[in-house]
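Engineer: Would you mind keeping the following structure in view while I ask a few things?
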Amino acid sequence: MVDLRVLAAACLLPVFPLSALFNQLVEQVRHPAARALAVLGLPEAGAALLEGLPRHTLVRGVVHSPAVVALVLCTSLLYALRALSVREVTLWARLVATSGLSLDWLLVGTGAPARSVELFALAWSVPAALLMVWAGLFSARLGGAYLGLGGGLAARLPRLSWLVALSALALVATPLFPSFFGLLHVVDVLPLSQLWPVLGVLFLWAWATGRFLGHLLFGPPGAGPVADLPVVPASLGVVILAGLVVLGVLWSGRWTGI
């Protein structure tokens, strides 16, 4: 019989079909800052639920269960595929974050320390949370965070647009960001026969990010002046993203085994 804590964790560290609950919980939070906190806190709560379970139970249930591994990989592929057709910033961030967070279960099944599971979750939830905040700033200035309708936003809101672009890159395992090293850890623990779906996820992330950034950065600027993000908040965003790079490099040895 499946422990109820495992099912609850599968809602918070999202695995299909319970991933729908995670997405619904985040969607129901309307304020951008509160939504960012939800994206940060829910996966960590899921990791905390798993921390109290015997490691041998989790390993036996995940690593030695091809069906569970297949479900995790299919969840990641499904949400990456859904992100391809999305232009709304918060929705795009939520779908890609779900795709990345689901892979945490592959580490859980190896008996990885709870600290590694929590850090892996943060590698995706922190950039997603930043995108929630930037989307709120877009909405305050443009009436919505839907890309493409108002032309390229880089010319009108350069600082905010580049923060969105860098956060999106941090979310899709771009090298030197924590998600990149976390994904390397997943590649390290999976057998060769199961790496093809991960490569498919990477391909979909790259495709979805290309479309997302194309709508954000390119195209004729829309009409009318719009106040860009002030220098001080923009600098704070850059510092946070630079801090992610530093943390990713510092933790890379732990995640990759180097």
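Engineer: Run the simple label-point estimate for V249 and F203 please: 7 Å along Cα→C-beta, distance reported in nm.
Structural biologist: Between V249 and F203, the label points sit 3.3 nm apart.
Engineer: Now, a different point. Tell me, what is the 1.4 Å probe accessible area of S85, in Å² to the nearest 10?
Structural biologist: Number for this one is 100 Å².
Engineer: Still on this structure, I have one more. Just for the Cα atoms in the range 168-207, what are the lengths along the principal axes, largest first, rounded to whole Å?
Structural biologist: Computed over the Cα atoms, the extents are 29, 20, 10 Å.
Engineer: Shifting gears a bit: For the chain, what size does the Cα cloud have along each of its three principal axes, sorted from largest down, in whole Å?
Structural biologist: Each principal axis gives a Cα extent; for the chain these are 60, 37, 31 Å.
Engineer: With axes computed from alpha carbons, what is the tilt in degrees of helix 158-171 against the longest principal axis of the chain, rounded to the nearest 10 within 0 to 90?
Structural biologist: For 158-171 against the chain, the angle is about 10 degrees.
Engineer: Would you mind calculating the gained length between L18 and A48 on full extension (0.36 nm times residue separation, minus the Cα-Cα distance), in nm to one decimal? Mind dumping the intermediate values first?
Structural biologist: Details: separation 30, 0.36 × 30 = 10.80 nm, distance 1.74 nm.
Difference between extended and current length: 9.1 nm.
Engineer: Let me ask another. So how much slack lies between A70 and A33, counting 0.36 nm per residue of separation and subtracting their Cα-Cα distance, in nm? Write down the numbers at each step before the final one.
Structural biologist: Details: separation 37, 0.36 × 37 = 13.32 nm, distance 3.41 nm.
Here the answer is 9.9 nm.
Engineer: What distance in nm separates the simple spin-label points at F218 and L81, each placed 7 Å from Cα in the Cβ direction?
Structural biologist: A separation of 2.6 nm, rounded to one decimal place.
Engineer: Also, quick follow-up: Charges only on Cβ, +1 for Lys and Arg, -1 for Asp and Glu: so what's the dipole of the chain about the Cα centre, in debye to the nearest 20?
Structural biologist: Values: 14 positive and 9 negative charges, 64 e Å.
The dipole magnitude comes to about 300 debye.
The values are calculated or read from the model by the stated rules, or taken from the named source; none is laboratory data. Remember, it's a predicted structure, so these values are computed and weren't measured experimentally. Don't worry about glycine lacking a Cβ; one is built from the backbone with ideal geometry, like all the others, and counts go over all protein chains shown. These accessible areas exclude ligands, DNA and RNA; they are computed on the full protein's heavy atoms, side chains included. Shrake-Rupley method; radii C 1.70, N 1.55, O 1.52, S 1.80 Å.
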